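**Q** If you scroll down you'll find the structure; I have some questions about it.
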Amino acid sequence: MAVVQISKIQIRKGKKLESGIPQLSGGEFAWAVDTQELYIGNGSVTEGAPAVGNTKVLTEYDNILELTRGYKFAEGNPAIVRSVGRSLQSKLDDYVSIRDYGATGDGSSDNSIAIQRALDDLFLNENTEFRKILFIPNGTYLCLSNILIPSNAIIVGESNTDAILNINNNIIATKTTSGVTIGSFSASSRPENIKISNIKIRMTTGLVNLTGARNSEFKKIIFEGPYTLGQSGSSSLVAWSNDIDGTKVTNLLFEQCEFLKGYVGVTAINSTAVDTDIHFNDCKFFLCGQGINLSGQSNQKNQWIIKDSYFDLIFDRAILVNNGIGFTVTNSKFTKCGNGLNDASTPLVPVIEFGQNQNNNIIDCFFDRIQEAGVTSSFFKLSVPEVLNGSKTTVSNSATAAITLSDGQRTLAVFSALNRYIFLDYILSLDSYIRKGKISIILNIDISSTTFEGLYDNNVTYSKNDSVTYLNNTYVALQTATGIPPTGAPNSALFWSLVSASITDEYIYVPSTLPGENIMSNFEFGFNLLNNNNIPGVETLQLWYKNPIATGLNGSISFYVSYGV
C-alpha cells in the first residue's frame, strides 16, 4: 500500500538500564533514552518473523567495531582449525599508525605534534599492553618541532624510500619512559631498547642525536642530508656524546643503514675515556665529507666493528679515530675516498686514520687506491696510505702492472713509509714462465735501517711428448708405457724425476739449469725511501724492479698487500 502522508510516528521510550527493553509488537519502535539505542519489534513467528524478539537499529551512537565480535583468523579454511574468535576492535588495535593520531604525510603539514602524541601514548604508557609497533605509512611527514623517542619504542616504516620523516632543521633525540631528556640522564634512568627500521630520515641542519642511548637497533634506515662534494660544514647525520661512563652510548647496532649526503655520516665525541660497543653491518656511506668521526681520549676501548660495509665518494677520510684502541673493519669496500675533488689516482689524505696504533685492524678490505694510486712508473709519485696507524691492514683486492725490459731501476709501486712493515705476495709472469714469491720490507721507527727479504719459487711448464726431444740439453719430457727412458736418453736417476705413477708413468729430465731459471733469477726487486711531498722527512717507499734486457722477457705482475705499524 502507498503511504500518502505521515505527520508523526509515535514510538515507545524508556531507560534500558533501569527496566530493560520490553517485547515490542511487530514493527513497533522503542527508544532507550539512557543508552541512546533504537529497537524495532520482530513480530510473531506466525507473521513470518524468524524469531520472536527485538532487532537493534544502528545509529551514530553505536560502536560498530564493538558489535563485530565474530572475527576469527582464516575462518572457513579447513587447514586452520585452532584459531579463536575475537572482536574486530581488538584485531585492529594490534596495529597503530601515526595516521591514527592525525599525521597526514602530505609533505607540507606539520606532523610533529601528531607523531609525538603517538610515541608518548604508546611508550610512556604505564600499561605495557599499549606498547604496540608504531607504523609509518608511505608519505612525507614534515616535522617543524623536535621529536623525542622514548625507551622501548618500536617504529617501523612501510618503505625506507617512501616513508619519509623530514625533520629539516630539527632534532630527533631520545628520552626515558618517565620523560627524562638529554642533560638529565643517569645510570638508572636513560633511553634504551629503541628499535627503528625501514624509514628515511631527511634533514638539512637537523640531526639524529642518540646521546644516552644503549641496547638499541637501527635497521634499513636512510639518513639523508643536503651535502654536495667539497661543501664546507661540520654537522652530522647521526651524532652522540659521552660525558660519563654511566650514560655512555653503547651496544648500538646499525644494520643495512645508509648515510647519504652528510658533512659527517656519524660523529661520536667522548669527553672522558669510556669503553663503547658499536656495530655497523652491511651499511653504506655515500657522498659525505667524512664517513665516521670518532673523537675520544687516549687508550679508550673502541669496540667498534664495521663489517660488510661500503664507503663511496667520501671527500675527506672515510673513518677518522683520533684516539682509542680495538677498532675493527672487516670485509668492507672503499672507493673514491680521501681524494677531495680528485680521482683515486691523486689522493689527498688517508682513507682510514687512527690516532693510536694499538690494536686497530683493517682486515680483508677493498681499496681502489691500491691500483689507481699505488701502481705507478713515476719515481716522484707521492704515497698517501689507505690506512694510517693501523696495527694490521690486509687488502682483499690485488694490484696488477705490466713488466717491461729494464737494465736500471724501474718503479713498480709506491707505499707509505709511515707503515713499519709491508708484505707482498706476488705472481710474476714473464712470457710462459711463472715465479711466485713474497717480499717483506721492515722499517725501524726512525727509518734509519731496513730489512728487505725476497723469497720465491719457480714454476716452469714443461711440454710432454711421446718420444724423446732434446732442446740443447736443457730439458726433455717424455711419456712411456714401461717407465724406462727411451733409447738415447740419460739413464741416471739423477736426471729423471717421477711425476706420476700409473700404467703410463711420466718422467721429466731435470738438468742443472731449468728453462726460464736465468730469466727469473736475473729479475730483481728493491726499494728506495723517498721524500716526494716537499716536507722534511721520508714518507714514500718506492718498490722497483730490474728485468735485464739481455736475459729478460716482457710480462706482468699481480700482488696482494698487507702492512701495519
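The values are calculated or read from the model by the stated rules, or taken from the named source; none is laboratory data. Fair warning: this is a prediction, and the values are worked out from it, not measured in the lab. Glycine gets a Cβ as well: all are built from the backbone with ideal geometry, and neighbour counts include every protein chain shown.
This table checks each residue for (1) surrounded by 15 or more Cβ atoms within 10 Å (Cβ to Cβ); (2) of a type outside the set (Gly, Ala, Ser); (3) touching a Ser or Thr at 6+ places or on another chain (Cβ under 9 Å); (4) free of Cβ contacts under 8 Å to residues at least 60 places away in the same chain.
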position	(1), (2), (3), (4)
ALA114	yes, no, yes, yes
LEU142	yes, yes, yes, yes
ALA153	yes, no, yes, yes
SER186	no, no, yes, no
VAL208	yes, yes, yes, yes
THR211	yes, yes, yes, yes
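**Q** Looking at LEU144, is it within 15 Å of ASN111 (Cα to Cα), outside any strand (DSSP E or B) and over 23 Å from the mean Cα position of the chain (by Cα)?
**A** yes
**Q** Which residue out of LYS56, LYS132 is over 30 Å from ILE21 (Cα atoms) and either part of a loop (DSSP other than H, G, I, E, B) or not assigned by TED's automatic domain parsing to the domain that holds LEU165 (or both)?
**A** When all the criteria are applied, what remains is LYS132.
**Q** Scan region 329-372 for residues that are closer than 17 Å to PHE285 by Cα and among the polar types (S, T, N, Q) and jot them down.
**A** Selection gives THR330, ASN331, SER332, THR335, ASN339.
**Q** Taking region 530-565 only, how many residues are part of a strand (DSSP E or B), loosely packed, with under 15 Cβ neighbours inside 10 Å and over 33 Å from the mean Cα position of the chain (by Cα)?
**A** 1
**Q** Residues of region 116-140 being among the β-branched types (Val, Ile, Thr) and free of Cβ contacts under 8 Å to residues at least 12 places away in the same chain, which ones?
**A** Once the filter is applied, which keeps residues that are among the β-branched types (Val, Ile, Thr) and free of Cβ contacts under 8 Å to residues at least 12 places away in the same chain, region 116-140 yields only THR128.
**Q** Going by the conditions given, is VAL351 out of contact with any helix residue (DSSP H, G or I) (no Cβ under 8 Å at 6 or more places or on another chain), buried (at least 16 other Cβ atoms within 10 Å of the Cβ) and assigned by TED's automatic domain parsing to the domain that holds ILE269?
**A** no
**Q** Okay, next question. Would you mind stating whether GLY179 is more than 20 Å from the chain's Cα centre (by Cα) and either assigned to a strand (DSSP E or B) or outside the structural domain of ILE115 (by TED's automatic domain parsing) (or both)?
**A** No: the conditions fail for GLY179.
**Q** Hand me the list of strands (runs of 3 or more DSSP E) wholly inside region 195-271 holding 2 or more residues that are modelled with pLDDT of 95 or more, under 21 Å from ILE319 (Cα atoms) and not hydrophobic (A, V, I, L, M, F, W, C).
**A** Of the strands (runs of 3 or more DSSP E) lying wholly inside region 195-271, those with at least 2 residues that are modelled with pLDDT of 95 or more, under 21 Å from ILE319 (Cα atoms) and not hydrophobic (A, V, I, L, M, F, W, C) span 236-242, 250-255, 264-270.
**Q** Still on this structure, please answer the following. Which one of ASP364, ASP343 is without any contact (Cβ under 8 Å) to a residue 40 or more places away in the chain and at positive phi?
**A** ASP364
**Q** To continue, here is another question. Between THR211, THR204, which is of a type outside the set (Gly, Ala, Ser) and either over 27 Å from GLY107 (Cβ atoms) or not assigned by TED's automatic domain parsing to the domain that holds VAL180 (or both)?
**A** Testing whether each residue is of a type outside the set (Gly, Ala, Ser) and either over 27 Å from GLY107 (Cβ atoms) or not assigned by TED's automatic domain parsing to the domain that holds VAL180 (or both) leaves just THR211.
**Q** I'm told THR174 meets every condition in (1) touching a Gly at 6+ places or on another chain (Cβ under 9 Å); (2) among the β-branched types (Val, Ile, Thr); (3) not assigned by TED's automatic domain parsing to the domain that holds ILE136 except one. Can you identify the failing condition by its number?
**A** (3)
**Q** Going through region 272-281 one residue at a time, which ones are in a strand (DSSP E or B) and farther than 18 Å from ARG317 by Cβ?
**A** Across region 272-281, the qualifying residues are THR276, ASP277, HIS279, ASN281.
**Q** While we're looking at this one, here's another question. Can LEU428 be described as assigned to a loop (DSSP other than H, G, I, E, B) and among the aliphatic types (A, V, I, L, M)?
**A** no
**Q** Return the residue satisfying two criteria in turn: it lies in region 213-236 and is among the aliphatic types (A, V, I, L, M) and touching a residue at least 60 places away in the same chain (Cβ under 8 Å), and of such residues it is nearest to LYS248 (Cα to Cα).
**A** Looking at the filtered set, the residue picked out is ILE221.
**Q** Among the residues of region 386-417, what is the count of those that are in contact with a Pro (Cβ under 6 Å, 6 or more places away or on another chain) and in contact (Cβ under 8 Å) with a residue 60 or more places away in the chain?
**A** Total satisfying the criteria: 2.
**Q** Name the single residue, out of those in region 371-399 being under 22 Å from the mean Cα position of the chain (by Cα) and not in a strand (DSSP E or B), that is farthest from ASP312 (Cα to Cα).
**A** Selected residue: GLY390.
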